Every structure is written in structure tokens, then in C-alpha cells.
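Peer 1: The structure is given below, and queries will be raised subsequently.
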Amino acid sequence: MTVAEAIKTGILYEKKVHATYLAAVKRAEDPIARKVFVTLADEEQGHVNYLESRLSEWQKDGRLAGEKLRTVLPAAERIRGGLKRLRSQVAQRKGSHAAELESLRQALAAEEETSAFYRQMVRELPPAGQELFARFLEIEDGHAAVVQAEIDSVNKMGFWFDLKEFDLELG
């Protein structure tokens, strides 16, 4: 696969994940769940925009020298640590959140599929493409960690936790 083909395929994956989160926003009954899904949908739309700009850059110059991809979400390790602290503070379960849990399961599958593609691109592309997709892999793995943490939170504690608790500086 060429770098241009990989970027085009990445755009398709990002659009699929974005659509998954938009559908989840519409189904969500819990306002915090809706906020989580909106944040993730916005992040995925940013990925689409970023990849489209990288594709234009590659087609014009044959290189990828654009700005670094940023994320509003923390690293997977920080998410897992926040969930661990949260678990220690909560003793009882509240509600089932069945619709949100189904959306989360769909989102997790989409994130994992996208990460698998990026992981393959990191192994197979020339260095310029590897660098681009390594950053995407890092971010998508973080998204999967957020989704899994939300699933765990709802299943084990019965409530959502707000992403704001994990805000970090962009980077």
C-alpha cells in the first residue's frame, strides 16, 4: 500500500468511527454519556480533517511535514489510573445504561479495527507514513482505553465519569 492509499484508507476508518459516535450521541439518554460521545465524535472529525490535509500535502509535495496531530484525550495509562481511583471512591451501582453500553461496545469494536489498521501501516509503510500512523495509533489506543474505561465504569459502578476529570494539556 502506498502512503496516499494508506491515508485515504485512514480517512475511511476515521469517518466510520465518527459515524459510530454520532449515532451514539443520538441514542444516549444520559447527559454525561452524550458529552463523552460528542467529545469523541469531535476528536474523530478532527482526525478526518487532519488526514485530508496530510493527503493534500502528500499529493502536492510528496512529503508529510505538517503540524503534529493533537488530542484532547489523555494517554491510556492515565485513563486506567483515573478509573482505578474512581472505583475506590464508589460503593454502589446506579442504573444499567443499556443503550449507552451497546453504543460503547460498537465504538470499542470500531476503535480496535482502526487501531489494527494503523498498527499494520506502522509496520509496512516507509518512514514518513510510519511516523504519521504511529501518532494515530497512539491516539486511537487512547480512545479505545476511554471507551473501555467507560464500559468498565458503567458495568462495575453504574455511572459515567466525565472526561473533564482527565483533561491534559494538548500534545
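What follows is calculated from the coordinates using simple rules that are stated; it is not laboratory data. From a predicted model like this one, the values you see are computed outputs, not experimental measurements. Glycine gets a Cβ as well: all are built from the backbone with ideal geometry, and neighbour counts include every protein chain shown.
Peer 1: Would you kindly state how much longer the chain becomes between Glu131 and Val38 on full extension, computed as 0.36 nm times their sequence separation minus their alpha carbon distance, in nm to one decimal? If you can, show how the numbers build up before the last one.
Peer 2: Numbers: separation 93, 0.36 × 93 = 33.48 nm, distance 2.77 nm.
Length difference between fully extended and current span is 30.7 nm.
Peer 1: For segment 1-48, with the dipole built from +1 on Lys and Arg beta-carbon atoms and -1 on Asp and Glu ones, taken about the Cα centre, which of Ala24, Thr9, Gly46 lies farthest toward the positive end?
Peer 2: Farthest towards the positive pole: Ala24.
Peer 1: Pull up all non-local amide H partners of Thr71: gap of 5 or more, or a different chain, and H-to-H distance under 5 Å with H placed in the peptide plane.
Peer 2: Gly171
Peer 1: Right, something else. Rounded to the nearest 20 debye, what is the charge dipole size of segment 1-68 about its Cα centre when +1 sits on each Lys and Arg Cβ and -1 on each Asp and Glu Cβ?
Peer 2: So the magnitude is around 120 debye.
Peer 1: Taking neighbour Cβ counts within 10 Å as the exposure measure, how do Phe133, Phe117 sort from fewest upward?
Peer 2: Exposure proxy ranking, most exposed first: Phe117, Phe133.
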